[in-house]
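The values are calculated or read from the model by the stated rules, or taken from the named source; none is laboratory data. Note that the structure is a prediction, hence the values are computed from the model and not measured. Using ideal geometry, Cβ is built from the backbone for each residue, glycine included, and neighbour counts are taken over all protein chains shown. Side chains are part of the model used for accessible areas, which takes the heavy atoms of the whole protein and leaves out ligands, DNA and RNA. Shrake-Rupley method; radii C 1.70, N 1.55, O 1.52, S 1.80 Å.
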Amino acid sequence: MRRLDRWIARAKALWASPSVVPLALPPALVNLKDLNHHDPLTGLANRLLFEDRLDGAARRAEAANRRLGVLFIDLDGFKAVNDSYGHSAGDQLLREVGRRVALQARQSDTVARLGGDQFLMLLDGHPDASAAAVVAARLRTSLAEVLCIEGRDLRLSCSVGIVLYPEHGPRAKLIAHADAAMLVAKQAGGGMHVFFEPHMAVDSEAQIDLQRDLRHALDLGGQGLSLDYQPKVDTKSGRLTGVEALLRWRHPQQGPIEPSVFIPVAERFGLIGTLGQWVIDEVCRQQRAWQDEGLDLRVAINLSVYQLRQADLVERIERALKAQRVHADRLMFEVSEIAAMADPPACVRLFEQFMRLGVQVSIDDFGMGNANLSQLRKLPACQLKIDRSFVQKLEHDDEDAKAIVDAVVRLSHALGLNVVAEGVETTHQQDILLRFGCDELQGYLFARPMSPVQMALWARSSEAVPRPEPLTRLERPD
């Protein structure tokens, strides 16, 4: 027994050593440690052990006047993959991610799985901002490589928040501050790393409160949620061609909250699928109500990249259409160029399913991504929307913006695509877009987003739509 006690004491001392990464311990020694310190899926440390290591490293850093770093790593789009391919594939993916993250760690570092698709890395050994950024960049590169999961090639990116001690807060706040920085990286589009700044801590607490209230609203069937509709008009006739559905949320205490605020919260906390489905269901319900009143409008709905990864998205749409007895061709889904180019083959397959169902597809925010001609030709879309940033620059006769808009219109027409310009606010912008041959316009010049009742009145009014000069009466520039 004394000999066994000595072996256990030596194993415990080895486990507590800061130079040992938990994943590298032999199984026999792992079994001697409390399993509550161990993540059963990946073999990495869990939060309890990580916090213990972090506390010890911080004390040593204080004593030696050195610094340490913490990286908070969150996968972009993991929930959609998990929902699409099942928990078995999700678990396999997490094990592979854990392995790749551990490979980027030095012997003095500690890697842990916090839970779900979130990981932590403790950088010991006096790292500065440059060193921490290099590690974060290596992590992003490693996780961006193709992952083969159950015979499928998947690509993911990750968002990384970075804190340095003691610059970025006391020991007890380091993980929370790294989490706040990671959230900023994710809200900026993901696939990047961000260092913590003091204002982020306040923002993070507000995000948590907001997601709780949004979740409650969805649990109550969308209480406080509503849709406004903004018209699109034909440039030749000035007639209404359709409307775009825009999501609104009136918070019970805070009042109206901008979509740019609450939609990233929904994406961050896994609510975007439920929120997106509420929009689809509500649009179909509203279309049925309009049709019963004799008003037939095609409605465009924005789809997030998370919804694009839902394996049953087309079935969900079909059920919503059938439930309200709405024809599929009355729906158009707008997919941003960036989202479409994230996985072009998958988008082609999805768009083909949309076509078979009968719904139409528009490429939104065109000009902000990296689509090329060959990729665009493969996407079975019927419409392309020029990003509003280019339209706004037309007001100041920006020559680069003019050249881009002209080229986009020509390219789209060559591919048989209808072209919509959004964000049109002035007659000067309208005149330029007409000369370039843009097919439809959308913006405050014609109408602001409005409630369903206002939309119905506007659509029926003979004076509702300003009539732009017909294209045939304007000379297109060479």
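The condition (being in contact (Cβ under 8 Å) with a residue 40 or more places away in the chain, open to solvent by less than 40 Å² (accessible area, probe 1.4 Å), over 27 Å from Leu441 (Cβ atoms) and under 14 Å from the mean Cα position of the chain (by Cα)) is satisfied by just one residue among Phe269, Phe262: Phe262. The strands (runs of 3 or more DSSP E) found entirely in segment 142-208 that carry 1 or more residues being surrounded by fewer than 20 Cβ atoms within 10 Å (Cβ to Cβ) and in contact with a strand residue (DSSP E or B) (Cβ under 9 Å, 6 or more places away or on another chain) are 147-149, 152-154, 157-165. Within segment 337-354, identify whether any single residue is under 30 Å from Thr427 (Cβ atoms), at pLDDT 80 or above and part of a strand (DSSP E or B), and answer yes or no. Scanning segment 337-354, I find no residue that is under 30 Å from Thr427 (Cβ atoms), at pLDDT 80 or above and part of a strand (DSSP E or B), so the answer is no. Every listed requirement among (1) open to solvent by less than 60 Å² (accessible area, probe 1.4 Å); (2) at pLDDT below 95; (3) β-branched (Val, Ile, Thr); (4) more than 28 Å from Tyr85 (Cβ to Cβ) is met by Val326 save one, (2).
Taking the criterion of being touching a residue at least 40 places away in the same chain (Cβ under 8 Å), part of a loop (DSSP other than H, G, I, E, B), in contact with an Asp or Glu (Cβ under 8 Å, 6 or more places away or on another chain) and open to solvent by less than 30 Å² (accessible area, probe 1.4 Å), would at least one residue in segment 225-236 satisfy it? Yes - at least one qualifying residue is present in segment 225-236. Number of residues in segment 288-317 that are part of a loop (DSSP other than H, G, I, E, B) and touching a strand residue (DSSP E or B) at 6+ places or on another chain (Cβ under 6 Å) equals 2.
For segment 406-443, the tally of residues that are touching a strand residue (DSSP E or B) at 6+ places or on another chain (Cβ under 9 Å) and either open to solvent by 50 Å² or more (accessible area, probe 1.4 Å) or under 18 Å from Lys236 (Cα atoms) (or both) stands at 24.
Could you tell me whether segment 449-464 includes any residue that is at pLDDT 90 or above, within 27 Å of Glu293 (Cα to Cα), open to solvent by less than 60 Å² (accessible area, probe 1.4 Å) and among the aromatic types (Phe, Trp, Tyr)? Checked against the condition, which is being at pLDDT 90 or above, within 27 Å of Glu293 (Cα to Cα), open to solvent by less than 60 Å² (accessible area, probe 1.4 Å) and among the aromatic types (Phe, Trp, Tyr), segment 449-464 yields at least one hit. Of all the numbered requirements in (1) within 24 Å of the chain's Cα centre (by Cα); (2) of a type outside the set (Ser, Thr, Tyr); (3) modelled with pLDDT under 90, Gln118 misses one, and that requirement is (3). Only residues that are open to solvent by 30 Å² or more (accessible area, probe 1.4 Å) and within 25 Å of Asp52 (Cα to Cα) were counted across segment 73-95, and they come to 1.
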